[in-house]
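Peer 1: Here it is: the structure, laid out below.
The values are calculated or read from the model by the stated rules, or taken from the named source; none is laboratory data. Note that the structure is predicted; figures quoted are calculated from it, not measured. These area figures cover heavy atoms from the full protein model, side chains too; ligands, DNA and RNA do not enter into them. Shrake-Rupley method; radii C 1.70, N 1.55, O 1.52, S 1.80 Å.
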Amino acid sequence: QVQLVESGGGLVQGTGSLRLSCTASGRSFSSYTMAWFRPAPGKEREFVASIWNMSNRYYGDSVKGRFTISRDNAKNTVALQMNSLKPEDTAVYYCAAKWGLASKADIQYDYWGQGTQVTVSS
């Protein structure tokens, strides 16, 4: 069983930056792909980013070049550095975990956090 707790959300002006963090409980953290999702029109959840290891990181098209995902296996944490934020990035951001290799499909993720709100003003 894995429990995920997000932090770091808040209100920021457009073009600003925020750093989200997700802390996981449980064993074998390094064996999990960690990801971030957010709700989007027409979808239950939009893929934002995932990380298996530093050589296997993937990003959604809408955040490429602006967001960076990283992880610290010694601390059981995953972070999402969000730069050049836009009002359309406003959403609740959810941390998720799945055993094994990366996926962009939310249905493949077994564990979810409660979410953290990010609001970007214009």
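Peer 1: Quick check for you: with a 1.4 Å probe and neighbouring chains kept, what is the accessible area per residue of the chain, in Å²?
Peer 2: About 52 Å² of surface per residue is accessible.
Peer 1: While we're on this one: Counting pairs of alpha carbon atoms under 8 Å apart in space and at least six apart in sequence, what relative contact order in percent does the stretch 14-69 give?
Peer 2: Normalised by residue count, the contact order of the stretch 14-69 is 22 percent.
Peer 1: Within the accessible area of the stretch 1-41, what % is carbon and sulfur when the probe is 1.4 Å and the other protein chains stay in place?
Peer 2: The nonpolar share, carbon plus sulfur, comes to 47 percent.
Peer 1: Determine the relative contact order of the chain: mean sequence separation of Cα pairs under 8 Å and six or more apart, normalised by residue count, in whole percent.
Peer 2: The normalised contact order for the chain reaches 36 percent.
Peer 1: Something else about it: How many times 2.2 N^0.38 Å is the alpha carbon radius of gyration of the chain?
Peer 2: Values: Rg = 13.3 Å, N = 122, 2.2 N^0.38 = 13.7 Å.
Normalised Rg, Cα atoms only: 0.97.
Peer 1: May I pose another question? Go through Lys43/Lys98; Lys75/Lys104; Lys64/Lys104 and tell me which ones have a Cα-Cα distance over 18 Å in this structure.
Peer 2: Lys43/Lys98; Lys75/Lys104
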